[in-house]
Amino acid sequence: QVQLVESGGGLVQAGGSLRLSCVVSGRIVSRDTLGWFRQAPGKERDFVAAIIWTDYAIYNDSVKGRFTCSRDNAKNTVYLQMNSLKPEDTAVYYCASGGGIVGVATKSLYDYWGQGTQVTVSS
């Protein structure tokens, strides 16, 4: 059974930082695309960042230069370092794992999802 468990969310002031982690069990992710999405109340779940098996990372324009996505295949873990946080970054953040590299910003690429971790940025 494949499980993805996120951690590291919380409450932070604007301008602060958080580091999210997502540990995958039941599946070797070294060849997977690992992604992060977020969903604010009343909104769609949107793409944040993804990292493919070559360690190449792709970002939504709204987080480019502030967020960094990385992976540790030995730990079956993906990270999202979030700096210079803004109130509009407030959302539940989800990690996901999938087997393709085309269309990494689309939810349909991903086969497995975590339960999410809340990130709240106060102004």
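The values are calculated or read from the model by the stated rules, or taken from the named source; none is laboratory data. In this text the structure is predicted, and so the values were computed from the model without any measurement. Don't worry about glycine lacking a Cβ; one is built from the backbone with ideal geometry, like all the others, and counts go over all protein chains shown. The accessibility values were calculated without ligands, DNA or RNA, using every heavy atom of the protein model including side chains. Shrake-Rupley method; radii C 1.70, N 1.55, O 1.52, S 1.80 Å.
Summary of computed values
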{"read-out": "Solvent-accessible area, 1.4 Å probe, carbon plus sulfur percent, for region 9-68", "value": "49 percent"}
{"read-out": "Surface per residue (accessible, 1.4 Å probe) for the chain, Å²", "value": "51 Å²"}
{"read-out": "P(r) of the chain over all Cα-Cα pairs, binned every 10 Å from zero, in whole percent", "value": "15, 51, 30, 5, 0"}
{"read-out": "Residue (of 76, 104, 63) at the positive-pole extreme of region 19-113, dipole from beta-carbon charges", "value": "76"}
{"read-out": "Free-standing Cys residues across the chain, given no other cysteine C-beta under 4.7 angstrom", "value": "69"}
{"read-out": "Low-density loop positions, chymotrypsin sites (Phe, Trp or Tyr not before Pro), region 40-90 - DSSP coil, at most 15 other Cβ in 10 Å", "value": "53, 56"}
{"read-out": "Whole-angstrom gap from region 1-30 to region 69-97, using each part's C-alpha centre", "value": "6 Å"}
{"read-out": "Two-site label geometry, residue 54 and residue 101: point separation in nm, points 7 Å out along Cα→Cβ", "value": "0.5 nm"}
{"read-out": "Surface accessible to a 1.4 Å probe, residue 90 within the full protein complex, Å²", "value": "40 Å²"}
{"read-out": "Residues of region 87-123 with amide N under 19 Å of a point placed 7 Å along Cα→Cβ from residue 31", "value": "97-104, 109-112"}
{"read-out": "With all protein chains modelled, accessible area of residue 101 [1.4 Å, Å²]", "value": "100 Å²"}
{"read-out": "Region 74-85 - phi-based ³J(HN,Hα) in whole Hz, Karplus 6.51/-1.76/1.60, Gly and Pro as x", "value": "5, 9, 6, 10, 10, 10, 9, 7, 10, 10, 6, 5"}
{"read-out": "Region 41-123, relative contact order [Cα under 8 Å, separation at least 6], %", "value": "25 percent"}
